[in-house]
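No lab work stands behind these numbers, since they all come straight from the coordinates. The model shown is predicted, which means the values in this text are computed figures rather than measured ones. Here the Cβ positions follow ideal geometry from the backbone for every residue, glycine too, while neighbour counts run over all protein chains shown.
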Amino acid sequence: MAWNEPGNNGGPDKDPWGNRGGRSNQGPPDLDELFNKLSRKLGGFGGRKGKGPSFGGGMAGLGVLALIGVIVWGISGFYTIGEAQRGVVLRFGQYDRIVQPGLNWKPTFVDTVSTVDVESIRSLNSSGLMLTKDENVVNVEMDVQYRVMDPQQYLYSVTNADDSLRQATDSALRAVVGDSLMDDIITRGRQEVRERTQVELNQIIDKYNMGLLVVDVNFQYARPPEQVKDAFDDAIAAREDEARFIREAEAYRNDVLPKATGRAETLKKAALGYKERTVNEAQGEVSQFEKLLPEYREAPRVTRNRLYIQTMEEVYSNTSKVMVDSQSGNSNLLYLPLDKLMGGAAVGPNQRKETSSSQYGIELEQSAQPKQQESAPRSDSSREGRY
């Protein structure tokens, strides 16, 4: 009897899968459908109808996974460079190019990008006890401001560019200080030390290709060690006093020297004027005497009298009182009030008074002449009248 015949073992219909009371015409499940379901559940393994399982569905799944991986790899290659930065690209560990700011892409696991800030100003300090040219010890501190000029050289020409610059600064500073005197470093030579240090530092940077640019070098301070600081402070105070006294002396010189020069020029010009005036007066008198000489030779007495009268006129014009001896035998002297007479002449309107006074003076002068002049020859009197 078949396993699916009715009435088997006196019971209800029963199939090998334990279906009881089912339809008598239901067959076994489809094996192809069962394998397809199983392959979908296992991630792509399936079978073909009548031939068992195959790998066609697995290859399709691997392709999808590969496509997803490529998309993720491409997206992961995008990166951004800041405005103040530059990117240095290495391809398989070897320098390739410099990347500018903005959105960029690189193949992941092929290129490596390192960013460097090229616009920020960086600073480092170098200080220490240093030996000067005159074998003194001085404590010097210097600040160096710099920035990155070449990112590729900054990253790969030296092991550590910042530390190399610090060592180069210390070396340059010690070289310059060792070639300078202590007084110059502490007082008036600070600017020269700063400039020489900057030049020396730039030469070292160019030699080692650090990719850096020194913007400025500031000389912070330079002072002697604490053990001898008091003595150096006294020396600096003495130098400051010396400079102050020199400035005060220069100010006094600038004030007095122009005045003295002006007075000297005034005296020179006055002396030259006096010289010219005296010489001209002497030459005039010589000329006058040269003109009088022929007249004197013709009439010596008349010429002497005229010169006497002119001289007395000059003397009397500068004298306010004149005592006249009348030679009359009595002891009384005539007083001539020239100051009043000259004052009356200066007042001016009374012409009669001036005329009478002048006439009175002429009469007194004639009376004062010796009687020998009265008996002089007539020819001389007429000649005197001509002169």
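Summing charges over neighbours of A270, with a neighbour being any other residue whose Cβ is under 15 Å away from its Cβ, gives +3 when K and R count +1 and D and E count -1. In a fully extended conformation the segment linking M149 and A260 would gain 33.7 nm over its present Cα-Cα distance, using 0.36 nm per residue.
Between R239 and D179, how high is the FRET efficiency from 1/(1 + (r/R0)^6) when r is the Cβ-Cβ distance and R₀ = 25 Å? Nearest 0.05. Efficiency, from the Cβ-Cβ distance: 0.70.
A crude spin-label estimate for the pair E33 and K268, with each label 7 Å from Cα along the Cβ direction, gives 13.8 nm. Extension gain, A251 to R301: 0.36 nm times the residue separation minus the Cα-Cα distance gives 11.0 nm. Averaging Cα coordinates gives a centre for region 109-182 and one for region 229-260; these two points are 40 Å apart. The order of the peptides 99-110, 249-260 by mean Cβ neighbours within 10 Å, most packed first, is 99-110, 249-260.
So what's the net charge close to T261: Lys and Arg +1, Asp and Glu -1, counting the other residues with Cβ under 14 Å from its Cβ? Taking every other residue near T261 into account, the sum is +3.
Here T115, T197 are placed in order of increasing Cβ neighbour count within 10 Å, fewest first, which gives T115, T197. Placing a pseudo-label 7 Å from each Cα along the Cα-to-Cβ vector at A282 and N209 gives an inter-label distance of 9.3 nm. Computed from backbone phi with θ = phi - 60° and the Karplus coefficients 6.51, -1.76 and 1.60, the 3J(HN,Hα) list for region 283-298 is 5, x, 5, 4, 5, 5, 5, 5, 6, 6, 4, x, 5, 5, 5, 6 Hz; x is used for glycine and proline. Taking amide H positions as modeled 1.01 Å from N, with prolines and chain starts lacking one, the residues under 5 Å from R122 and 5 or more places away or on another chain are Y146, R147. Taken along the Cα-to-beta-carbon direction at a fixed 7 Å, the label points for M312 and L292 span 1.5 nm.
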